[in-house]
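What follows is one structure encoded as structure tokens, with my remarks underneath.
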Amino acid sequence: MSQRATSRAARLLTVAALGAGAIVVAVAAPGRAAWAQVVPTATPDAQARADFDEGVRHAREQRWPDALAAFERSRARVDRPNAALNVALALRQLGRLRAARQVLRECIAMPQTAAEPDLGRDAALLLGLVIDAIATVSLVVDPADATVRVDGEAAPHPRALELDPGDHAFVVSAPGRADETFAMALRVGERAARTVRLRELPARVEVQVTPSDAEVYVNDALLGRGAVRWEGAAGTVRLRATRVDHDALARDLVVAPGTLVTERFSLSLTPRPLHTRPWLWGGIAIAAAVVAGVTTAIVLATNGSDAADGGSTGAVLYAR
């Protein structure tokens, strides 16, 4: 590297540690030359220059949010490389390294940058410093199709995240799985890795049965009577409802993780042959008793009729 380049690199590194104010002033000089001619105050060039000068003042005072706003206004009016470079510098000072990287790439790609080789070299050197300072997080997630949100925003490349240094909140989620939330505090240039395995949510089955006192079985284990709820591992679940004198019902369900399935059973009375029904034999017994009673009464009535009785004398007497 030439002495001039080495000096410029040292200047960038020194200013990066102290607040980058000197860089802003240094790169502002070519901008002043570009705007040295007198222009009407109402033109975009004049307004861009005024915004640029305001940004330089804020940067000297380490008021980086105000400096960034002024440089962005200047660039919005007239997109010049020096304005873009100072936007990137302000972003870097605010810790927004990914945004600074994008602006620096735009600055280097501008056709006007070729006419200002020193500015182009400064932008390239600063770009290298910014890239090295960006933190990365490598995530291994299970299941593989899980989505990742960082600070409330969907991560475009969730398996290799590039993040600004600082505190970040992560949420990993997938259908049928419990969300995993965690926080990470990333240092400048840190390379971190993490494995996240999402817990599968249980399956749930709600059973309603008629009659309400019927027994309900899940996977051949008695769960209860009437309306009951089951929770367990997802997959195939066997349900069965039974009651005395009713036809039992059974069915198999495939229940996905985290879902609730409602099943209804309505049991029907079991048809029974006449000879197996208790009321039939009770009726027969009652009828037999009635017949026996009638028969006995007839016999007794016959034996106690007005038949002649000769007695010991052989005489026939009739009672009046």
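At a glance:
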item	result
Low-density loop positions, trypsin sites (Lys or Arg not before Pro), segment 186-235 - DSSP coil, at most 11 other Cβ in 10 Å	R187, R199
Neighbour net charge for P202 - beta-carbon separation under 12 angstrom, K R +1, D E -1	+2
Gain upon complete extension [S212, Q62; 0.36 nm per residue less C-alpha separation]	46.4 nm
Overall form of segment 72-116 per C-alpha gyration tensor (a/c, 1.5; a/b vs b/c)	oblate
Ranked list, fewest to most other Cβ atoms within 10 Å of each Cβ, for E180, E61	E61, E180
Ascending count of other beta-carbon atoms within 10 Å, so fewest first, for D167, D151	D167, D151
Ranking of V261, V209 by count of other Cβ atoms within 10 Å, fewest first	V261, V209
Segment R264-A193, extension gain: residue separation times 0.36 nm, minus the distance between their alpha carbons	20.7 nm
Rounded D (µm²/s) - segment 203-266, Kirkwood Rh over Cα pairs, Stokes-Einstein at 10 °C, 1.306 mPa s	137
Global size of segment 135-197 as Cα Rg and Dmax, reported in angstrom	11.0, 36
Amide H contacts of L267 (H built 1.01 Å from N, under 5 Å, at least 5 apart or other chain)	T210
Net +/- balance of residues flanking P175 in space, Cβ distance below 12 Å, scoring K and R +1, D and E -1	-2
Rounded FRET efficiency, nearest 0.05, which uses the C-beta distance separating R105 from R149 and R0 of 22 Å	0.25
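Each value in this text was obtained by applying a stated rule to the coordinates, not by laboratory testing. This one's a predicted model, so the numbers in the text were calculated from it and none came from an experiment. We place every Cβ from the backbone using ideal geometry, glycine too, and count neighbours over all the protein chains shown.
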